[in-house]
Amino acid sequence: MSKLWDDPLSTTSNTGDIKKGLDKPVNDKPEVNQIPPQPSNSTEPAALFSNDFDPASIEPVKAEDKRVINGETDVNQLAPFKYPWAWKFFINANKNHWSPLDIKMGQDISDYNSALTDEEKHVFQNVMSYLTTSGILAMRNIGLAVMEKMTAPELQIYQARQIYEEALHTSAYQHCVENIGLDQGDLYNRYRLIPEIDQKIQMSNRYLDPVMRPDINLNEKHELEQFTMAYLFFSAVFEGNWLYNGFSPIFSLQRRGLMKGTAEQLQYIMRDKAMHCSFGIRAVRQIMEENQVRLDPVKVRNMWDEAEAAELKYVNFLFKQPIAGYSAEEHMEQHRYIANQRARELGFQEPFPGAQNMFPWLEQQLNVTNDADYHTDTSVNEHEGGALSWD
């Protein structure tokens, strides 16, 4: 085996035997410089252009011709931008670059085994169970249902980053599960065994599975509306509420000095989720404007009601017994408050008028910075951009 990598695109080889083989003619006859005859249906470059071909006749992509979906411009031409906001999302996402391995988990192991009550362990385990399943579902949705439908590359580039981030989030959950020593077979399988977790996954699948079809036709009115509704659900409910607010029980433990490593992992993830939600809502509004989509307000309202009912069953299961500093009632009021925020951002009426912000500290969780007490000594220097702050 050669000690040097042989570059298949290189004009020279690092392996002598291969070079000799390439330099030596196949037979002993002298080489003749002649062009072999080509079949009449050849697709070689020379056959693709006639003598009348004029490069000046091919105009570059114009920004005003781009569309989020159903566009006809060349998706391989990034600029000029029609949606500079999408490119800014990508730039900002890279400023939140981090690794689960940056965060120490030793204290969490001690907390879980010695400090958490049985009720708190029940909450912790089932929140992590829901998150592990949701992370993979989110990754598949962006990759299979959304990104490939986009026809503006500046949106696709951010969504490619989003797919990576969902994989990173799943690895962060796994990092916590492994370090704390939870039963992985049990934890990853709970969504299929516990109805209160499964019903949220099933609701998600009802919205998302139909638009994962590769043959969906977004020029057809019904399918376009179905896709738009699915993307709205994914951005505003699944990521923008269920997950955004779903970290709160762990953050409540952190506020009492418990499970700080896991909570810090979730703070980085929450920063990503806030951007995913904001990007998705902006993309949905752009799709509705460009394609004159008018979603049925009754269907939108039913979505919020169904999501609230599913969350209520889930939270009542989590908090069969109360834990210090957190209750099912507070969680649900926060869920309604966030739902109102998302509805306003989408341009719809608030589904739960008058809902109160029960956790004013939740938004502050986005402001986490690298802390030497919980990071390895090299994390700040070797993972530049890890701190959760940007302009």
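The values are calculated or read from the model by the stated rules, or taken from the named source; none is laboratory data. Just so we're clear, the structure is a prediction, and the values are computed from it rather than from any experiment. Counting neighbours? That spans all protein chains shown, and the Cβs are built from the backbone with ideal geometry, glycine included. The protein model used for the area step is the full one, side chains on, heavy atoms only, and it has no ligands, DNA or RNA in it. Shrake-Rupley method; radii C 1.70, N 1.55, O 1.52, S 1.80 Å.
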So for the stretch 152-159 (the condition being touching a strand residue (DSSP E or B) at 6+ places or on another chain (Cβ under 8 Å) and touching a residue at least 12 places away in the same chain (Cβ under 8 Å)), does at least one residue qualify? yes
Specify which of the listed residues (THR228, THR262) is in a helix (DSSP H, G or I), over 19 Å from ASN302 (Cα atoms) and β-branched (Val, Ile, Thr). THR262
Please specify each residue of the stretch 202-225 satisfying the condition of being outside any loop (DSSP other than H, G, I, E, B) and buried (at least 16 other Cβ atoms within 10 Å of the Cβ). MET203, SER204, TYR207, LEU208, VAL211, MET212, GLU223, LEU224, GLU225
Among the listed residues ARG301, ARG256, which satisfies the condition of being assigned to a helix (DSSP H, G or I), open to solvent by 20 Å² or more (accessible area, probe 1.4 Å) and among the basic types (Lys, Arg)? ARG301
State all residues of the stretch 125-137 that are in contact with a Ser or Thr (Cβ under 9 Å, 6 or more places away or on another chain) and small (Gly, Ala, Ser); if no residue qualifies, say none. SER134, GLY135
Result of the Cβ filter at 8 Å on the stretch 172-200, keeping first residues that are touching a residue at least 60 places away in the same chain (Cβ under 8 Å) and in a helix (DSSP H, G or I) and partners that are open to solvent by 40 Å² or more (accessible area, probe 1.4 Å) and among the β-branched types (Val, Ile, Thr), at least 6 apart or interchain, is ASN179/ILE109; ILE180/ILE109
ILE109 within 21 Å of CYS277 (Cβ to Cβ), open to solvent by 30 Å² or more (accessible area, probe 1.4 Å) and of a type outside the set (Phe, Trp, Tyr): no
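Evaluate the following for MET332: is it open to solvent by less than 40 Å² (accessible area, probe 1.4 Å), touching a residue at least 40 places away in the same chain (Cβ under 8 Å), part of a helix (DSSP H, G or I) and not β-branched (Val, Ile, Thr)?
On the way: open to solvent by less than 40 Å² (accessible area, probe 1.4 Å): yes; touching a residue at least 40 places away in the same chain (Cβ under 8 Å): no; part of a helix (DSSP H, G or I): yes; not β-branched (Val, Ile, Thr): yes.
No; evaluated as a whole, the condition is false for this residue.
For every residue, the table says whether it meets (1) at pLDDT 90 or above; (2) under 30 Å from ASN219 (Cβ atoms); (3) more than 19 Å from the chain's Cα centre (by Cα).
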position: ALA56; (1), (2), (3): no, no, yes
position: GLU64; (1), (2), (3): no, yes, yes
position: GLY71; (1), (2), (3): no, yes, yes
position: PRO80; (1), (2), (3): no, yes, yes
position: HIS97; (1), (2), (3): no, no, no
position: LYS104; (1), (2), (3): yes, no, yes
position: TYR112; (1), (2), (3): yes, no, yes
position: ALA115; (1), (2), (3): yes, no, yes
position: LEU137; (1), (2), (3): no, yes, no
